[in-house]
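In what follows, a structure is listed as structure tokens, so that the remarks can point back to it.
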Amino acid sequence: MYASSLVPVPIPDRVAALIGSCMPIHILQAEVDAECAAREVQRFRGPLCGEDQADREHALSTLARANKVLAAYHPRLPVRHCR
């Protein structure tokens, strides 16, 4: 976990746990889901076979679903994936 998306400053685990304890559990789960889905999307590069394309689309839909929950909680929480 990082303090800012602009400057990657690590947050100590205890501070991250304290921040997490103040958030609803479904928001924390959506954050984990979004991070995992964004990493999964990054795995797929170049020309994709049908099965890989389906897996990428599934990861993108998971990311979109999690981001919808995060954005409803706070507009700056959604996770972005780089292309």
Can you work out the accessible area per residue across the chain, with the rest of the protein chains kept in place, probe 1.4 Å, in square angstrom?
76 Å²
Roughly what angle does helix 25-43 make with the longest principal axis of the chain, taking Cα atoms, 0 to 90 degrees, to the nearest 10?
40 degrees
Rounded percent of accessible protein surface that carbon and sulfur make up, the chain, 1.4 Å probe
59 percent
Per residue, the convex hull volume that the Cα atoms of the chain enclose (Å³):
98 Å³
Between 0 and 90°, nearest 10: helix 50-73 axis offset from the chain longest Cα axis
30 degrees
Cβ-defined net charge surrounding CYS36, 15 Å radius [Lys, Arg +1; Asp, Glu -1]
0
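The values are calculated or read from the model by the stated rules, or taken from the named source; none is laboratory data. Because the structure is predicted, anything quoted here is derived from the model rather than measured. All Cβ positions, even for glycine, are placed from backbone atoms using ideal geometry, and neighbour counts span all protein chains on display. Ligands, DNA and RNA are stripped out before the accessible areas are found, and what is left, the full protein with its side chains, is counted by its heavy atoms. Shrake-Rupley method; radii C 1.70, N 1.55, O 1.52, S 1.80 Å.
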